[in-house]
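Encoded as structure tokens, the structure appears first; notes follow it.
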Amino acid sequence: MGLLAPSIPCFLKAAASAQQVFKIITNSPVLNNIRNKEPELQTNSVQWSLKFQDVTFSYPARPTIKVLDNVNLDILPGQVTAVVGHSGSGKSTLICLLEKWYTPESGSILLGGKELGQLDVKWVRNQIGLVQQVCGSMEDLETN
């Protein structure tokens, strides 16, 4: 028992962390996974505009902190777009909303003029090509 006593605080922290993880898993929002509806938008490839219109969002674990606050963004068909900014500025959140991992609190996301919530989740995710951020700084890249 004497050997286990120093580890008890670690076990308590792990149990508390696991409880938070299970809370998030059980409270995850149910996505509107529309099947059997094939809007004319859904074809083999996407050549439509993407629009974030007055989008506001907070993560469920931190509802008082707005990650996005009335964001507007228009991406035209065929346009290559890079979203850059400081850590915590909402770059990954935009992608999470676009991939329908979360639903905006307010505002709308339109793909080809259609509300993202009306489109099939799997189809939307198959249309997205994403290049993740480079780890490290530009100086690190230049020296290698």
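The values are calculated or read from the model by the stated rules, or taken from the named source; none is laboratory data. Everything numeric in this text was worked out from a predicted model, so none of it was measured. We place every Cβ from the backbone using ideal geometry, glycine too, and count neighbours over all the protein chains shown.
How many of the residues in the stretch 71-83 are at pLDDT below 85 and of a type in the set (V, I, T)?
Count: 3.
With respect to D120, determine if the residue is in contact with a strand residue (DSSP E or B) (Cβ under 7 Å, 6 or more places away or on another chain) and over 24 Å from Q20 (Cβ atoms).
Taking the combined requirement at face value, the residue does not satisfy it.
If K23 passes every condition in (1) modelled with pLDDT under 75; (2) assigned to a loop (DSSP other than H, G, I, E, B) but one, which one does it miss?
(2)
From the list I95, I65, I75, exactly one residue is among the aliphatic types (A, V, I, L, M) and farther than 26 Å from V21 by Cα. Which is it?
I75
Do we find that L97 is aliphatic (A, V, I, L, M) and closer than 25 Å to P63 by Cβ in this structure?
yes
Could you tell me which residue of the stretch 95-119 is surrounded by the fewest Cβ atoms within 10 Å (Cβ to Cβ), considering only residues that are in contact with a Phe, Trp or Tyr (Cβ under 7 Å, 6 or more places away or on another chain) and under 10 Å from L50 (Cβ atoms)?
G112
One line per residue, one yes/no per condition, for (1) touching a Phe, Trp or Tyr at 6+ places or on another chain (Cβ under 9 Å); (2) more than 16 Å from L116 (Cα to Cα); (3) surrounded by 13 or more Cβ atoms within 10 Å (Cβ to Cβ):
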position: S49; (1), (2), (3): no, no, yes
position: F52; (1), (2), (3): no, no, yes
position: N72; (1), (2), (3): yes, no, no
position: G78; (1), (2), (3): no, yes, no
position: A82; (1), (2), (3): no, yes, no
position: S87; (1), (2), (3): no, yes, no
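If you take the residues of the stretch 112-132 that are closer than 20 Å to D74 by Cα and part of a helix (DSSP H, G or I), which of them is nearest to the chain's Cα centre (by Cα)?
Across the stretch 112-132, the extreme among qualifying residues is R125.
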